[in-house]
Amino acid sequence: MATIISTRRLVAALTAAGLGLTAACTAGGDKTDDGPKADEKQTIQVWHGWNAPHEVKAFQDAVAGFNKEHPNITVKLVGGQTDDRITNAIRGGNPPDVVSSFTTDSVGQWCQSGAWQNLSPYITKSKLDLNQFPAAVRKYTEYKGVRCAMPLLADAYGLYYNKKLMKGEQPPKTMSELTALAKKLTVRDPDGTIKVAGFMPSAQYYEHQVQHLAPQFGVKWLTDDGKANFAGDPQFQAYLKWNKELIDWYGYKNVKKFLRSLGQEFESSNPFQKGKVAMAIDGEWRTKFIQQEASSLDYGTAPAPVSDDRASSYGGGFVTGTVIGVPRGAKHAQAGWEFVQYLTTNTEALVTFANALGNVPSTIPSLSSTKLTLPPQFRTFLDVFKNPASSTTPPTPNGNDYVVRFQKFVQEEWEPGKVGDPGAALKKLDGDVDGALKLAGG
């Protein structure tokens, strides 16, 4: 997984609902014995999204172990591939043998349409134990009982804090502690301009998107029957209340001014790396950026705070990751599965990848590998990833359209103070989301 995975995932998320795959067969329609057998001499084509030189090398290093175990299978790697290209290849009937995506957002659509094959027959035949993956990971690689993807690497989110700016304070565990500490650590000019933000609650601040912060309030995104749950779950209003109260304390104009003054997230000007924010929610990859761009920064990491009524769930966080699978129409499906199984379950391959890219290896055994050479602050994310309280956004037939709509509502209506009745606004949002889900076949 690339160290700039979050930006790539956001781009994919914004287009996920528009993929519009049409099923040429039902999910699982491809058979595990189609095409050449796994022990025949053959070449498989693997499409993935990585393209930076160090990323490509990491993939090649991980594949080297597969070549030793399967000398009859030549792996041809094709990097820089997007979800759109993958979709078009499947539609055109000329897909590669293995495909990988930076986002879990399209899993529901791929599984429902059969664009990615149902892997259950392969898993059963291989006697693969899925319990080696944390529960949240198993959830984001299947849809309505169809497992069409396997997890490759993962992202876990936690709290980064600048030790110098913290002045001896301990990282907060609850949202009330976070709020109090954010106010205490904030530095302003006389006119209210924010010089240093203790914590920036706005969903417009980099990784403080609703997808990463709302789960700390225990929100349930969808009902059991797959409908939008914004009005039905009071935890959404709890998140909104916390968000708005802290924004109002800063002053919305001051927040906007502060946000406009910041540099790019994935550049050395990142505000946490420059000491402009004391605490921030971010993914594990930030440790790699700090190592490369701000090596003198004295910082710590901890699980993200949770709402006060959920103090016992502290330690969990939002998790997601890269997924990999065998597309419909793959000419070497069985060999493709052998490759997918190796890359997603072999500890040495996962650790090689994780060390090079600064991401979380996605099996429980790999989390405790002594060969992991990541900074000590990375341990937090390994612990968050396997914590039972960690969660992810559930897949749907139109990607994470429901998350995108909630993000837009918070960013454009809620934070600027345009909403008088949040209950009514969330009810309308539910209707919009459900209408879009119905059109997508949900």
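The values are calculated or read from the model by the stated rules, or taken from the named source; none is laboratory data. Here the structure is a predicted model, which means the values were calculated and not measured. Glycine also receives a Cβ, built like all others from the backbone with ideal geometry; neighbour counts cover every protein chain displayed. Heads up: the accessible areas ignore ligands, DNA and RNA and are worked out on the full protein's heavy atoms, side chains in. Shrake-Rupley method; radii C 1.70, N 1.55, O 1.52, S 1.80 Å.
One residue stands out among those in the range 52-84 that are surrounded by 15 or more Cβ atoms within 10 Å (Cβ to Cβ) and within 21 Å of the chain's Cα centre (by Cα): the one that is nearest to Pro327 (Cα to Cα), which is Asp83. Only one entry of Pro388, Pro394, Pro376 meets the criterion of being in contact with a Lys or Arg (Cβ under 8 Å, 6 or more places away or on another chain) and open to solvent by 30 Å² or more (accessible area, probe 1.4 Å), and that entry is Pro394. When Leu213, Leu185, Leu181 are checked against the criterion of being open to solvent by 10 Å² or more (accessible area, probe 1.4 Å), touching a residue at least 12 places away in the same chain (Cβ under 8 Å), over 17 Å from Asn254 (Cβ atoms) and not basic (Lys, Arg), Leu181 stands alone in meeting it.
Just to be sure before I move on: is Leu367 of a type in the set (A, V, I, L, M), surrounded by fewer than 24 Cβ atoms within 10 Å (Cβ to Cβ) and within 21 Å of the chain's Cα centre (by Cα) in the structure I sent? Answer is yes for this residue.
Every condition in (1) buried (at least 16 other Cβ atoms within 10 Å of the Cβ); (2) outside any strand (DSSP E or B) holds for Thr322 except the one numbered (2). I'd like to check something: does the range 357-369 contain any residue that is outside the structural domain of Val56 (by TED's automatic domain parsing) and within 30 Å of Asp83 (Cβ to Cβ)? No, every residue in the range 357-369 fails to be outside the structural domain of Val56 (by TED's automatic domain parsing) and within 30 Å of Asp83 (Cβ to Cβ). Listed by position, the helices (runs of 4 or more DSSP H) contained in the range 227-317 that have at least 3 residues being among the hydrophobic types (A, V, I, L, M, F, W, C), within 26 Å of Phe381 (Cα to Cα) and in the same structural domain as Pro171 (by TED's automatic domain parsing) are 234-250. Considering the conditions (1) over 30 Å from Ala436 (Cα atoms); (2) surrounded by 21 or more Cβ atoms within 10 Å (Cβ to Cβ); (3) within 20 Å of the chain's Cα centre (by Cα), Phe199 is excluded by exactly one of them, (3).
If you go through the range 44-51 one residue at a time, do you hit one that is surrounded by 19 or more Cβ atoms within 10 Å (Cβ to Cβ), within 25 Å of the chain's Cα centre (by Cα) and modelled with pLDDT under 90? Yes, the range 44-51 has at least one match. Tell me whether the range 352-363 contains one or more residues that are open to solvent by 10 Å² or more (accessible area, probe 1.4 Å), in contact with a Phe, Trp or Tyr (Cβ under 7 Å, 6 or more places away or on another chain) and of a type outside the set (S, T, N, Q). Within the range 352-363, not a single residue is open to solvent by 10 Å² or more (accessible area, probe 1.4 Å), in contact with a Phe, Trp or Tyr (Cβ under 7 Å, 6 or more places away or on another chain) and of a type outside the set (S, T, N, Q). The criterion of being part of a helix (DSSP H, G or I) and at pLDDT below 95 holds for Phe353. No other residue among Pro327, Pro303 is under 27 Å from Gly92 (Cβ atoms), touching a residue at least 24 places away in the same chain (Cβ under 8 Å) and in contact with a strand residue (DSSP E or B) (Cβ under 6 Å, 6 or more places away or on another chain) apart from Pro327.
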